[in-house]
Amino acid sequence: MPKQTIFIDVILPLSLPNLFTYRLPVELNEDIQIGQRAVVPFGRGGKLYSALVKHIHHSPPTEYQAKYVESLLDDKPIVNQKQLKHWDWIADYYIANPGDVFNAALPGALKLASETKILINGEFDGDAVADLTDREYQIYEALEIRQILNLQEISEILNIKNVHKVVKALIEKKAIIVEEDLKRKYKVKLIPFVRLTEYADNEKNLEEIFNQITRSKKQLESLMSFIRLSNRYGERKEVKKLELQKSTNASASIINELVKKNIFEIYEVAVDRIGNYNKELIGDKTLNEHQEKALTEVKEHFKEKAVVLLHGVTSSGKTELYIKLIQEAIAKGEQVLYLLPEIALTTQLIVRLQKVFGDVIGVYHSKFNENERVEVWNKVLEFEQTKSSKFQIVMGARSSMFLPFSNLGLIIIDEEHENSFKQYNPAPRYNARDTSIVLANIHKAKVLMGSATPAVETYWNATQGKYGLVEMTKRHGGVQMPEVLCADIKEATRKKKMKSHFSPLLMELMEEAFEKKEQVILFQNRRGYAPFLLCEECAHVPECKNCDVSLTYHKHNNQLKCHYCGTNKQMPSTCGKCGSPRVTLKGFGTEQIEEELALFFPKIKVARMDADTTRAKNAYHRLITDFESGSIDVLVGTQMVTKGLDFDNVSVVGILNADNMLNFPDFRAFERSYQLMSQVSGRSGRKAKRGKVLIQTYEPYHPIIRQVIEHDYLGMYNDEIVQRKKFKYPPYQRLVHFTLKHRDSNVLNEGAREFVLALKAKFGDRVLGPDFPVISRIKNQYIKNAMLKVEREISVKKTRQLVMEVKNHFEAFSEYKGVRITIDVDPM
C-alpha cells in the first residue's frame, strides 16, 4: 500500500501574517508530530529556517508548489497544544503575526541560526588557481587549511566588510561551493574532570611516577593536591580540572603535561547549568489571624471565580499566603507560575522561597543566558512524562509565561499593577498579567493577583464582580504604616535652606537614621548625573543628532549620552554654539545624588540601583545582598527600588522629586504617581519600628500627595474612575495605539493623515490624531501617533479585522511603503 503524502503548516520565525505549507518526505511520515521543529527552506535563496509544526494534513497549497521539509529537529514536540492555543489568542488579541509570538516564546537557543558555509569545490582544477585574484586566492588558501568558512570569517580574513562580490566570483569560477547549514545554538554544558589513569592508579607504579615528576615542583603539587581532593569524594576518585588548577595555582599546561606522562586523564561530564539547592529547608510559618482570614476568603472566591485580587497594604504578609496556596497546588501534582515584574524581585524572593521549597522552585528570566533558559524550558517540558518535582514551581518575569506547562494549577501575579508586565518592543506587545489570565483559563487554573496599589482597571473588574476581591488592611506583626511627611521645596529654596537637592527635613531624618545605624532609600526616577547641559550665554542645550531629545550627562565616563539611541560624546568645556565656557548642568539624576551624599556624609556607604549599575547578570543579587547585610547605608535608585523589595533595617525613604511624575503627559500619570510613591514608601519600617517617608515637592497640597500621606488608595481610585468614565479611557473603553515612523517628516505627515482618515472612515470619532509625541524623532525616524478608543462591548475580532483592512490597504500604496506602522493594543 503506497504511503500517503503528508503536508505540514508551519510557523516561521519571521514577522509574516500567514502559516506556510511544506511537503513531508515519506520517510518522515511516522515521525511527524505537532509542536516539533522542522528545517525548511524559505525565500528565493533557499535559506533554511527552523519552523514549528502547527498542523498536519493531506491538502496541498493552491497558491504555490509546496517545497520539501529538509529534516525534523526533534524526536518529540517541544511545544504543546495548550501553548499553541495561547499563542493564537495572543496573536489575535494583540494584532501580531504568528512568527512574532513564536520568536517571543521560544528561547533563542531553540531557534536555529542559518549560516552560509563556504567549501572548496572538489572538482576545481588546481592549475586554475593562477587565474584567481589576490583576494580570491587568500580565501582559497584559507579554505585549504580550515576546510569550511562562513561569510563573517571571510570578512575578517580579507579585512573588508562586504565580501559577497569576491565569494560570487569564486562561485562563478567554480573554485568554491556554498552550503546552507543550520547551526544549533544550544550546547550541553560540559565540565572537564581529572582522574588517574589505570597505570597511575596501580600502587606498584607509584615509585616510578614520583621519580618522573620530582623535578617539576608544580606537577608534584598538582598530583598531591589531586590525591587530597579526590579523597573527599570517597569512591569517586575524580576532581574538577578547574578546582585542581586553583588548588595549586597551576596552569592548564601543567595538568596537560601529567596527561602526556600517562598519570592523569581528562574527560567531560554533562551538567545542569541551573544549580541545585543543598541547604536545609525551613518549616511552615504560622499565619496570623488577618492572614488566615484572607486565605479563607481567597479559597472561598476560588470556588466560584478563577481570578482573585488580593489588595493588601505593603508588608501585610501577602507572600506567606502565596506560599500556603503554592504548597496546596504542588501537593495535588500541579505546576505553579509565580510572575514578578522585575528581575530584581526574583533575586530577593527566590532566596526566600528556596528555603521553603528547595529545588522544586526555579527561576526564568532574560538575564539568564540562552543555554540556561533552554535547560529550564526542558525541565518544565519533561514534567508531564517524569513528574519530577524539580521546577514544578517557576518564578520569573513576563517571558516565563511562555514555558511549556502541561498541568498548570495556580498562577500568582505579584505587584500586578506594574507596567513592567507590558512588552513594548518588538511585537507581540502583550501584557503578561492579562495573557496569564487567558493561560490559566486554558489550563483551568486559578489566578491570584496581589498588590498594595492595584491598577485602576483591575480594581474596577473586582468591584464589578468579574474577579474576587480580598482586602488586607493591616501590616504583619502589628507594625504601623509609615509616617508620610511632605517638604515644600519651593519654600525651602526661597529661604535658601536647601542643601543641593536635599531639604532640611530630609537631611535631619537621614542624620537620625545614620546615628541609629539604620538604612535609607532615596528615590529619583532619572538615571545619569544631570538631564541636560545649558549654556548661560545663549541658552543652547546639546541635543542628540539622531533624536529630538537633550543629551544626559554621565559623570562616571564624563560623557553626554542619549538614552534613546545610545549616541554619546565627550563632555564639552565650551558651548558648541557660541563658544562660551559658561556651560552648566541642570537637573539631577541618581548618579549626582550618589556623589553628593558622599560629600555630605563621608563616613556612610552609598550604592546606586538603576539601569546603569544592574546590567550584569548577578548585579541585582550583589546589590540586594549587600544592602540586606548592612554593608550599604543608603540605596539610591530609580523605579527598581519601589518594586516589592523587603529590607528589615530601612527607617527612612526619601522621594526627591514628586513633580516629574505628577506632570507627565499621560492619562495614567496620577495613578502611576500614587503607585510609585506608595510602593517606595512601603519599603520603610517593615519590621519592628514605624518608618518615615519624606516627599519633596513644589506642590505639597496636590491631591495625589495628600492621598499618599493618608494612605488613601480608595480616594485615588474614586477620583480616577470618574475621570476615566468622563473622558472615555480604560476600564470603560479599550485603547489601540498606532505609531507611524519615517525618515522624511513630509512623507510621514502625509501618510499619517491618510492612515487616520481611513481609520475614521471605519471607526468615526473614536479615532484621535495624528499628533507628534513629546519626543517626535528617535534614531532619525520621525514619529506620529494616533489613538483608537473602542467600547468594551465591541468584538475584539471585529476591531482587529477592520484595523488590518486599513493597515493592509495603506501599505499597498507605493508612496507610503517606507512608513512603518506599529500597533499596541491596551498601551500602558
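Some points to look at:
- Unpaired Cys in the chain, meaning no second Cys C-beta under 4.7 Å: Cys486, Cys565.
- Other residues whose C-beta falls under 13 angstrom from the C-beta of Pro60 contribute a net charge of 0, scoring Lys and Arg +1 and Asp and Glu -1.
- Cα gyration tensor shape for segment 738-828, rounded if a/c is under 1.5, else prolate or oblate: prolate
- Filtered trypsin sites (Lys or Arg not before Pro), segment 299-335: DSSP coil and at most 13 other beta carbons within 10 Å: Lys303, Lys332
- Checking the cross-link pairs Lys76/Lys446; Lys54/Lys332; Lys299/Lys324; Lys422/Lys789 against a 22 Å limit on the alpha carbon distance flags Lys76/Lys446; Lys54/Lys332 as lying beyond it.
- Each residue of segment 8-17 is assigned a 3J(HN,Hα), and the resulting list reads 10, 9, 10, 9, 8, x, 10, 7, 10, x Hz, derived from the Karplus form 6.51 cos²θ - 1.76 cosθ + 1.60 (θ = phi - 60°), x at Gly and Pro.
- Positive-pole candidate from Leu223, Leu190, Pro730, dipole of the chain, charges at beta carbon: Pro730
- Computed Kirkwood radius, in angstrom, where 1/r is averaged over Cα pairs of segment 611-740: 16.8 Å
- Annotation: amide H-H contacts under 5 Å for Lys446 (H modelled 1.01 Å from N, sequence separation of 5 or more, or interchain): Leu410, Ile411.
- Greater than 32 Å apart at Cα, pairs in Lys285/Lys725; Lys497/Lys603; Lys82/Lys390; Lys285/Lys516: Lys285/Lys725
- Using a cutoff of 8 angstrom between alpha carbon atoms and counting only pairs six or more residues apart, the relative contact order for the chain works out to 10 percent.
- Across segment 506-513, coupling constants 3J(HN,Hα) worked out from phi with the 6.51/-1.76/1.60 Karplus curve, θ = phi - 60°, read 5, 4, 5, 5, 5, 4, 4, 4 Hz, and Gly and Pro carry x.
- Protection proxy ranking, peptides 386-394, 454-462, average beta carbon neighbours within 10 Å, highest first: 454-462, 386-394
- Global form of segment 482-573, assessed from the alpha-carbon gyration tensor, a/c cut-off 1.5: prolate
- Toward the positive end of the charge dipole of the chain, with +1 on the Cβ of Lys and Arg and -1 on the Cβ of Asp and Glu, the farthest Cα among Ile11, His290, His563 is that of His290.
- Aspartates and glutamates whose Cα lies under 14 Å from that of Lys490, excluding same-chain neighbours fewer than 8 positions away: Asp659, Glu699
- Counting only protein heavy atoms and using a 1.4 Å probe, the accessible area of His809 comes to about 110 Å².
- Near Ala598, once Lys and Arg are set to +1 and Asp and Glu to -1 for all other residues with Cβ below 12 Å from its Cβ, the sum equals -2.
- Mean residue ellipticity at 222 nm, helices only, the chain: -10500 deg cm²/dmol; runs of at least 4 DSSP H residues each add -39,500 (n - 2.57), and the sum is divided by the number of residues.
- With the largest listed first and rounded to whole Å, the semi-axes of the equivalent ellipsoid of segment 1-116 from the Cα gyration tensor are 22, 16, 15.
- Per-residue HN-Hα couplings for segment 436-449 [Karplus 6.51, -1.76, 1.60; θ = phi - 60°; Hz; x = Gly/Pro]: 5, 5, 5, 4, 4, 5, 5, 8, 6, 9, 9, 10, 10, 9
- Across all directions, the average projected area of the convex hull around the alpha carbons of segment 422-546 is 15.6 nm².
- Rounded Å value of the spacing that divides the Cα centres of segment 72-114 and segment 408-443: 16 Å
- For q = 0.09, 0.20 Å⁻¹, Debye-computed log10 I/I(0) when each Cα of segment 357-495 counts as one equal scatterer: -0.41, -1.27
- Note on Lys174: lysines with a C-alpha under 26 Å away, same-chain residues under 8 apart excluded, are Lys47, Lys117, Lys161, Lys165, Lys183.
- Straight-distance candidates among the lysines for linking to Lys218, with alpha-carbon spacing under 16 Å and chain neighbours fewer than 8 residues away dropped: Lys241, Lys246, Lys260, Lys261.
- If both residues of a DSSP beta bridge must be in the chain, then about 60% of such bridges are antiparallel.
- Proximity of backbone amide H atoms, modeled 1.01 Å from N, is registered between Gly589 and Ala530 at under 5 Å, excluding neighbours fewer than 5 places apart on the same chain.
- For segment 711-781: rounded, prolate or oblate by the Cα gyration tensor [a/c cutoff 1.5]: oblate
- Long pairs among Lys318/Lys728; Lys517/Lys561; Lys305/Lys798, criterion Cα-Cα beyond 30 Å: Lys318/Lys728; Lys517/Lys561
- Peptides ranked, highest mean first, by Cβ atoms within 10 Å: ranges 99-108, 84-93, 216-225: 99-108, 84-93, 216-225
- Comparing Pro77, Met472, Asn718 along the charge dipole axis of the chain, the residue lying farthest to the positive side is Asn718, per the Cβ-charge model.
- Per-q log10 I(q)/I(0), the chain, q = 0.06 Å⁻¹ (Debye; single scatterer per alpha-carbon; no solvent): -0.52
- Assigned charges on the beta-carbon of Lys, Arg, Asp, Glu; the chain dipole about Cα centre (debye): 1320 debye
The values are calculated or read from the model by the stated rules, or taken from the named source; none is laboratory data. Just so you know, these numbers come straight off a predicted model, no measurement behind them. Reconstructed Cβ throughout: ideal geometry from the backbone, glycine too, with neighbour counts over all protein chains shown. Quick note on the areas: whole protein, heavy atoms, side chains included, nothing else; ligands and nucleic acids left out. Shrake-Rupley method; radii C 1.70, N 1.55, O 1.52, S 1.80 Å.
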